[in-house]
Amino acid sequence: MRDNVQVADLFEPLALGPLTLPNRLAVAPMTRVSATADGLPTARMADYYAQFADGGFGLVITEGLYTDEAFSQGYLHQPGLANAAQRAAWRPIVERMQSRGSRVIAQLMHAGALSQRNPHRTGTIGPSAVQPKGSQMTFYRGSGDYAVPAAMTQRDIDAAIAGFAQAAARAREAGFDGVELHGANGYLLDQFLSEGSNLRDDRYGGTIDGRLRLLVEVVGAVRAAVGEDYVVGVRLSQAKVNDFTHRWAGEDEAATIFRTVGALAVDYVHVTEYEAWRPAFETGPSLAALAKRHGGKPVLANGFLHDPVQATGMVERGEADAVSLGRGALAQADWPQRVRNGAALAAFDPAILSPLADLANAARWREDHLPG
Ligand SMILES: Cc1cc2nc3c(=O)[nH]c(=O)nc-3n(C[C@H](O)[C@H](O)[C@H](O)COP(=O)(O)O)c2cc1C
């Protein structure tokens, strides 16, 4: 029993635009590379997602879904929302979660230069022909260096924007409660935001306003595609999957980014840091607190918040309106129920995701580690 931990704030409802979440606990988006080769979600994925709804999470954000049948796909067996068959396959999965009380948001992702394997295209594209730092993730079936991307033409940019918009429309048709645009972690929208990967001298590069332009245009196109009364969120981060220590230029740049995004037709901003409560820069407020201060929209905070004291603190101090859990949700899909009942929490074991981050590997781990 953790009867000295005051967790009540996490269980208050929260309005995100037209949507009301039953509590402030979300499952963070997590790529599990477990779809069919055609990017269709499977029965095993349906069960995996349903357990979070059963466990009391008020919101489930899906793993990053690729948006088009061109350059967006990042990983083999990544699920998509790029065609009618994928849209149809998500519908019963979404309805099952909703029938158990969760709201469900589709994360829309274009991998850009971080694409490791994509059956639709050979080669990758990005803002500029700069080889990404780091090496491909083996737990998503990658190996070796990233390819040098082709610098995107205006036509490529228009196609990527249209891909996000059409995928968002499919999300609405499939019954999702909203979409989250993946502007974080080093993927395409973040590649445009970052000076290291964006060397363009046209309207999509240069100043921070130029580097934000693609995100701004994607939000505009997505909003036009889904209409006014539908949740659109944006996820942002400093760190990247291929560069964990990357930092924005400083608090001024963070203020500009959050002001720009907050002024768009978005319903929330989702920020992720390694430890959400730490100062975003050397000293000063956390990234979540900066997002709240400058963006003026509801903020979801992510990063090592599976400790209920830290999670509650973020909400109590007003640094965030809700929290999302990644590894904590993998360790126990019923984290909300356990915390509410003061039950023990299990530690996350990275072996769940090793050697592959897929659900078959997790099932093997469970057989080896859990009784019965
Ligand atoms: C296996 C795995 C897959 C992930 N895939 C995604 C993804 O598809 N989209 C995304 O925005 N973040 C992704 N993340 C990052 C998580 O959403 C989250 O930011 C990270 O796990 C840190 O939060 P935590 O400390 O609660 O685990 C992934 C994380 C893990 C562990």
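The values are calculated or read from the model by the stated rules, or taken from the named source; none is laboratory data. Keep in mind that this is a model prediction, so the values were computed, not measured. Heads up, the Cβs are rebuilt from the backbone with ideal geometry, glycines too, and the neighbour counts pull from every protein chain shown. Calculation scope for accessible area: heavy atoms of the full protein, side chains included, ligands and nucleic acids excluded. Shrake-Rupley method; radii C 1.70, N 1.55, O 1.52, S 1.80 Å.
Just for segment 316-338: of the residues that are among the acidic types (Asp, Glu) and touching a helix residue (DSSP H, G or I) at 6+ places or on another chain (Cβ under 6 Å), which one is most open to solvent (accessible area, probe 1.4 Å)?
316
Would you pick out the residues in segment 9-39 that are open to solvent by 50 Å² or more (accessible area, probe 1.4 Å) and among the hydrophobic types (A, V, I, L, M, F, W, C)?
Result: 15, 37.
Would you mind finding the one in 126, 163, 175, 186 that is within 16 Å of the ligand (Cβ to nearest atom) and surrounded by 15 or more Cβ atoms within 10 Å (Cβ to Cβ)?
Going through 126, 163, 175, 186 in turn, the sole match is 186.
Condition first: within 12 Å of residue 331 (Cβ to Cβ), of a type outside the set (Gly, Ala, Ser) and open to solvent by less than 30 Å² (accessible area, probe 1.4 Å). Now tell me which residues in segment 354-368 satisfy that. Give the derivation first.
Applying the first criterion (within 12 Å of residue 331 (Cβ to Cβ)) to segment 354-368 yields 362, 365-366.
In the following step, the residues that additionally are of a type outside the set (Gly, Ala, Ser) were identified as 365-366.
Passing the criteria: none in range.
Does residue 275 count as at pLDDT below 95, surrounded by fewer than 20 Cβ atoms within 10 Å (Cβ to Cβ) and either in a loop (DSSP other than H, G, I, E, B) or in contact with a Gly (Cβ under 9 Å, 6 or more places away or on another chain) (or both)?
For residue 275, the condition - at pLDDT below 95, surrounded by fewer than 20 Cβ atoms within 10 Å (Cβ to Cβ) and either in a loop (DSSP other than H, G, I, E, B) or in contact with a Gly (Cβ under 9 Å, 6 or more places away or on another chain) (or both) - is not met.
Anything in segment 326-369 that is touching a Lys or Arg at 6+ places or on another chain (Cβ under 7 Å) and aromatic (Phe, Trp, Tyr)? List them, or say none.
The answer is 348, and nothing else.
Being open to solvent by less than 10 Å² (accessible area, probe 1.4 Å), under 23 Å from residue 248 (Cα atoms), within 13 Å of the ligand (Cβ to nearest atom) and more than 17 Å from the chain's Cα centre (by Cα), is that true of even one residue in segment 304-315?
Yes - at least one qualifying residue is present in segment 304-315.
When segment 59-92 is examined, which residues are found to be open to solvent by 10 Å² or more (accessible area, probe 1.4 Å) and either within 15 Å of the ligand (Cβ to nearest atom) or assigned to a helix (DSSP H, G or I) (or both)?
Those that are open to solvent by 10 Å² or more (accessible area, probe 1.4 Å) and either within 15 Å of the ligand (Cβ to nearest atom) or assigned to a helix (DSSP H, G or I) (or both): 76, 77, 84, 85, 87, 88, 89, 91, 92.
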